[in-house]
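The structure under discussion appears below in the form of structure tokens.
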Amino acid sequence: MTGGAGGGEGPGRTSPGAAAGRGGSDACEPSWTEVPAGAVRKVIARRMLESKLNIPHFYLFDRVDMEPAAAFRRGLEAERGIRVSFTDLIVAAAARTLAEHPECNVSYREGMLRRYRTVNINVGGR
């Protein structure tokens, strides 16, 4: 397979926001590119969708020692007056991980792998 995570090479598309000045760090730079997905990636994407729709799912839980994170939070508040939640820390860790591993910062759409140049994590709350 060629073309890295996409499994294919050839012309791709860029974000429509690029022309309007929306996007990555440079106003002229699109925030993502699309490359044709290879046959293997298409099968993987189709089967992942089928499994989510048709196969019962289960979720795993584990215990994590969050004391180092709690100490970090206390230190931020004591030294800098900054209050952060555990959610803030988890989202920051996820964002750093995506930035360090851009091959994981992709989505599949209409036979194309969309590779994001920026990390954008949204968290909803009540």
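The values are calculated or read from the model by the stated rules, or taken from the named source; none is laboratory data. Quantities reported herein were computed from a predicted structural model and do not represent experimental measurements. Cβ atoms come from the backbone with ideal geometry, glycine included; neighbour counts cover every protein chain shown.
Restricting the first member to the range 62-86 and to residues that are at pLDDT 95 or above and basic (Lys, Arg), and the second to residues that are surrounded by 10 or more Cβ atoms within 10 Å (Cβ to Cβ) and assigned to a loop (DSSP other than H, G, I, E, B), the beta-carbon pairs closer than 6 Å and six or more apart or on different chains are Arg73/Val84.
Residues that are closer than 30 Å to Thr33 by Cα and aromatic (Phe, Trp, Tyr) within the range 61-119 comprise Tyr108, Tyr116, listed in sequence order. Taking each residue of the range 93-110 that is in contact (Cβ under 8 Å) with a residue 12 or more places away in the chain and among the aromatic types (Phe, Trp, Tyr) and looking for partners that are assigned to a helix (DSSP H, G or I) and surrounded by 11 or more Cβ atoms within 10 Å (Cβ to Cβ) with beta-carbon atoms closer than 8 Å, six or more apart or interchain, yields Tyr108/Arg41; Tyr108/Ala45.
Within the range 78-105, the only residue that satisfies the criterion of being over 29 Å from Thr118 (Cβ atoms) and either of a type in the set (Asp, Glu) or in contact with a strand residue (DSSP E or B) (Cβ under 9 Å, 6 or more places away or on another chain) (or both) is Glu79.
In the range 26-41, of all residues being within 19 Å of the chain's Cα centre (by Cα) and over 17 Å from Arg117 (Cα atoms), the one that is surrounded by the fewest Cβ atoms within 10 Å (Cβ to Cβ) corresponds to Arg41.
Of all the numbered requirements in (1) over 21 Å from the mean Cα position of the chain (by Cα); (2) aliphatic (A, V, I, L, M); (3) at pLDDT 85 or above, Ala20 misses one, and that requirement is (3). Selection over the range 107-118 of residues that are on the phi < 0 side of the Ramachandran plot and surrounded by fewer than 14 Cβ atoms within 10 Å (Cβ to Cβ) gives a count of 2.
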